[in-house]
Structures are given as structure tokens and as C-alpha cells.
Amino acid sequence: SLDVHKDDTPDSGGWIEIFDKGALLTLNAKTGWREVEIGRGSKDQTCPVYTLEQWLHFAKIDFGPIFVGPSGDGKKASETRLNDKHVARLIKRTVLDASIRSELPEKERLAMFSGHSLRAGLASSAEVDECYVQKHLGHASSEMTRRYQRRGDRFRMNLTKAAGL
């Protein structure tokens, strides 16, 4: 429930500022306000900050909620803030429309993808020190961060080879 600016709406869960190097999200979290930095990606096609800028331009949003649904005719943005259920449906529809994991039955595909799985995927695929992932996800403990990280790194560090064996 992010807004474009700090005091745009009374029900805001935070706001976002866009800079040359990325975006700064200020979020109302369980333990108070926290900041999350989102760096720019290496390509526009995969850069979340570029995508956000394009969305704000396309939807002509300069005040209020950032994540809103389309108007009835689908040609512009509405003023209605998306909730968690809207986002879940969008993720699942995108998985189907983009034919992601199309070799699996539809029910399995839909069960695999959610906001949580995207968050866990980011935590797993970012090959950075765990403390940075923990800070980015806002976890109080490294134990919680490890629960989010998938086991794709089982043989990344090969101690046998590192020892020269």
C-alpha cells in the first residue's frame, strides 16, 4: 500500500522516492518505519525501478496510491488501491499468460507462484552475503532469512576442490 509521497493518503503503508541509482521505499513495518533500497537493474527489461517509472508515467500517477487497478475500460489507472488478493491474482494470471513452467499442469503452476514465492526467489537467487538479504527483507533474525532461501546453493561452495582434492 505504497503512495507516491509521504503524506498522500491516511491509509498509506509507506512511500517511495526515486533517485538516479534506484528507489528508496519507506515502509510501515511491524516494528516501525524502515527503509529499503531497490537498486537499478542492469537492463531496463528486468529493472524494477525502470518498470515503476514506466508505470507511473503510463498511469499518470503523481499523487496517492502507486499500485492501483485499471479503470473499467482498461485504458487508464483507477484510483482504487490494490490489496493483497488483487496482487495474488495478478501474479497467477501473469504466470499463465507468460506460459511460465508450461510443462506442468495449470493447478501445479498456480500453486508454485505467489508474492511469497517471488520474495523467496529473490532471496535465493541474489548471490550476496546473507546479512544484506536479511536487511532487505526486513527479517529480525538470520534464521528467518534462511527459511526464505531455497536450496539452490548446495554445491556452490565446493570445499573439496577448494582444498585442492
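The values are calculated or read from the model by the stated rules, or taken from the named source; none is laboratory data. Quick caveat: nothing in here was measured; it's all calculated off a predicted structure. All Cβ positions, glycine included, derive from the backbone under ideal geometry; neighbour counts span all protein chains shown.
Out of Glu79, Glu53, Glu108, Glu103, report the one residue that is at pLDDT below 90 and either more than 18 Å from Val36 (Cα to Cα) or assigned by TED's automatic domain parsing to the domain that holds Asp8 (or both).
The conditions single out Glu79.
Which of the residues spanning the stretch 40-65 are in contact with a helix residue (DSSP H, G or I) (Cβ under 7 Å, 6 or more places away or on another chain) and in contact (Cβ under 8 Å) with a residue 12 or more places away in the chain?
Correct list: Arg40 only.
For Lys92, indicate whether it is surrounded by fewer than 13 Cβ atoms within 10 Å (Cβ to Cβ) and not small (Gly, Ala, Ser). Show your work before the answer.
On the way: surrounded by fewer than 13 Cβ atoms within 10 Å (Cβ to Cβ): no; not small (Gly, Ala, Ser): yes.
In short, no.
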Q: Tell me, yes or no, whether the stretch 30-45 has at least one residue that is in a strand (DSSP E or B), within 26 Å of Tyr132 (Cβ to Cβ) and touching an Asp or Glu at 6+ places or on another chain (Cβ under 7 Å).
A: no
Q: Please verify whether the stretch 10-24 includes one or more residues that are closer than 22 Å to His139 by Cα, surrounded by fewer than 16 Cβ atoms within 10 Å (Cβ to Cβ) and among the aliphatic types (A, V, I, L, M).
A: yes
Q. When residues of the stretch 97-126 are filtered for being touching a helix residue (DSSP H, G or I) at 6+ places or on another chain (Cβ under 7 Å), in a helix (DSSP H, G or I) and surrounded by 15 or more Cβ atoms within 10 Å (Cβ to Cβ), how many remain?
A. 4
Q.
Quick check on this structure: which one of Leu27, Leu56 is assigned to a helix (DSSP H, G or I), crowded, with 16+ Cβ neighbours inside 10 Å and of a type outside the set (S, T, N, Q)?
A. Leu56
